[in-house]
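First up is the structure itself, then whatever we jot down about it.
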Amino acid sequence: MFIAGTALFVFSSLACAMASSRGMLLGARALQGFGGAILSPATLSILTSSFKEGPERNRALGTWGAMGALGASSGALLGGFLTQGLGWPAIFAVNVPIGLFVIFYGLQVIPASQASEGKRHFDVAGAVLVTTSLMLVTFAIVRTDTLGWASLGVLAPLLAGIALGLAFLFVEARIAAVPLVRLGIFRTGQLRIANGVVILLYAAFFPVWFFLTLYMQQVLHYDAIETGLLFLPMTLSIFAASKLAPRLLARFAARRVITTGMLTATLGMGLLTGVAPHAGYLTTVLPGATLAALGMGLSLVPATIVAMQGLAPSESGLGSGLLNTSRLIGGALGLAILSTIADAQTRHDVAGGFAGSLTSGFDLAFAVGAGFCLAGAALAGLLLRSAPRSEVLAAPAEEPLVEVESEREALAA
């Protein structure tokens, strides 16, 4: 599945780069979404089934989180160079050689897993219901800025999306022979809370890239390359925090690490509410964005580890799929909600003749994002239970000492 997802992503990226019309570009982007939807959860499933639970898996997941953060944020920098130097098709064409390398190398290093025995099933009804439900809810939220919450154009898709969501739950519980999502997995409290934290984290943090890009280019007047370079502190902060998180988990309970991370992100988002037409990058954007990035790295990796703990190998795919779905749902709904709120505030201020109308919309969006992070901190702090420390959570830093001691004993013998 990992190789197939990568191959589809490579093909669709090439189609995007060669697109000669808007329709072709949108269609190729949709194929990219399919490829990414196969590829992303497969990476997490491979890691959880290849490394035993404990420090080894925690370090692997820490690296996974760091690489994801590095890829997402460095894309802003590389995208700036590519678009200004070679044109927009280059941001898609660059995926082709990278993807081909991943396929070639992946076939050599990723161990083949044994296919499940017996007849295979795919829950088409469940997949269609849940996808359509999320699309309609997101579509309804986006339309509120022009139609208002009470309009039929908003209420109709919103209620239809909710109804389809309920129908999805009924199909999964009563009808599907092999459900897309086995609802019994949600009896695991740790998994429920961890996914809730991830939804709130991405609902707050994913729009940050969007709003800060607009702010730095449209208000502070940096070009694409300069904006990408100014994102580097965020990149390094997420990378460092993601690598540090497994070590913190070895010494402190996951509840304390995740809560601290979400509170750090809350503080960072709060500082970003100070963006204004005459505010500078160093005084407002840098401290706020850096703290928010640190908070994300400290929260995402522990939440991922908690969500995957205790799952049987046969459910690693389902667990990773749920976690990635939570991440994407949070990002999509968060961007829809916060951009709608920001746009409504900007329209209101423009009508009132306020000079800083654009940044006032950003400020309100960051304030709501800070509320999402605070809610995530409360969710983790109040409901996430603290697992007792055990040998599987021994500090990674101690392992080299054990190896040295073993070598000494061998030499003495």
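The values are calculated or read from the model by the stated rules, or taken from the named source; none is laboratory data. Computed from a prediction, not measured in an experiment: that's the story for all the values here. Backbone-built Cβ (ideal geometry, glycine too); neighbour counts: all protein chains shown.
A few points about this structure:
- Residue list for segment 265-287, filter: crowded, with 24+ Cβ neighbours inside 10 Å and either within 19 Å of the chain's Cα centre (by Cα) or assigned to a helix (DSSP H, G or I) (or both): Ala265, Gly268, Met269, Leu272
- Against the test of being at negative phi and either among the polar types (S, T, N, Q) or part of a helix (DSSP H, G or I) (or both), the options Ala28, Ala19 yield a single qualifying residue, Ala28.
- Among the residues here, Ile91 does not qualify as farther than 30 Å from Pro233 by Cα, in contact (Cβ under 8 Å) with a residue 12 or more places away in the chain and under 21 Å from the mean Cα position of the chain (by Cα).
- Matching residues in segment 161-190 - criterion: being within 27 Å of Ala344 (Cβ to Cβ) and surrounded by 15 or more Cβ atoms within 10 Å (Cβ to Cβ): Gly161, Leu164, Gly165
- Yes/no for Ala173 being more than 20 Å from the chain's Cα centre (by Cα), assigned to a loop (DSSP other than H, G, I, E, B) and over 16 Å from Val285 (Cβ atoms): no
- Screening Phe206, Phe210, Phe186, Phe239 for residues that are in the same structural domain as Leu338 (by TED's automatic domain parsing), without any contact (Cβ under 8 Å) to a residue 12 or more places away in the chain and in contact with a helix residue (DSSP H, G or I) (Cβ under 7 Å, 6 or more places away or on another chain) leaves exactly one candidate, Phe186.
- Output for segment 219-246, where each listed residue is at pLDDT below 85 and over 19 Å from the mean Cα position of the chain (by Cα): Asp223, Ala224, Ile225, Glu226, Thr227, Gly228, Leu229
- Residue among Leu282, Leu230 that is in contact (Cβ under 8 Å) with a residue 24 or more places away in the chain and assigned by TED's automatic domain parsing to the domain that holds Ser320: Leu230
- Among the numbered conditions (1) modelled with pLDDT of 90 or more; (2) surrounded by 18 or more Cβ atoms within 10 Å (Cβ to Cβ), the only one that Gly80 does not meet is (1).
- Qualifying residue in segment 134-154 (condition: among the small types (Gly, Ala, Ser), outside the structural domain of Leu338 (by TED's automatic domain parsing) and in contact with a Gly (Cβ under 6 Å, 6 or more places away or on another chain)): no
- The listed residue being surrounded by fewer than 19 Cβ atoms within 10 Å (Cβ to Cβ) and within 23 Å of Phe205 (Cα to Cα), out of Gly62, Gly54, Gly106, Gly36: Gly36
- Applying the criterion of being crowded, with 18+ Cβ neighbours inside 10 Å and either out of contact with any Phe, Trp or Tyr (no Cβ under 8 Å at 6 or more places or on another chain) or assigned to a loop (DSSP other than H, G, I, E, B) (or both) to the residues of segment 146-160, the residue that is modelled with the lowest pLDDT is Val154.
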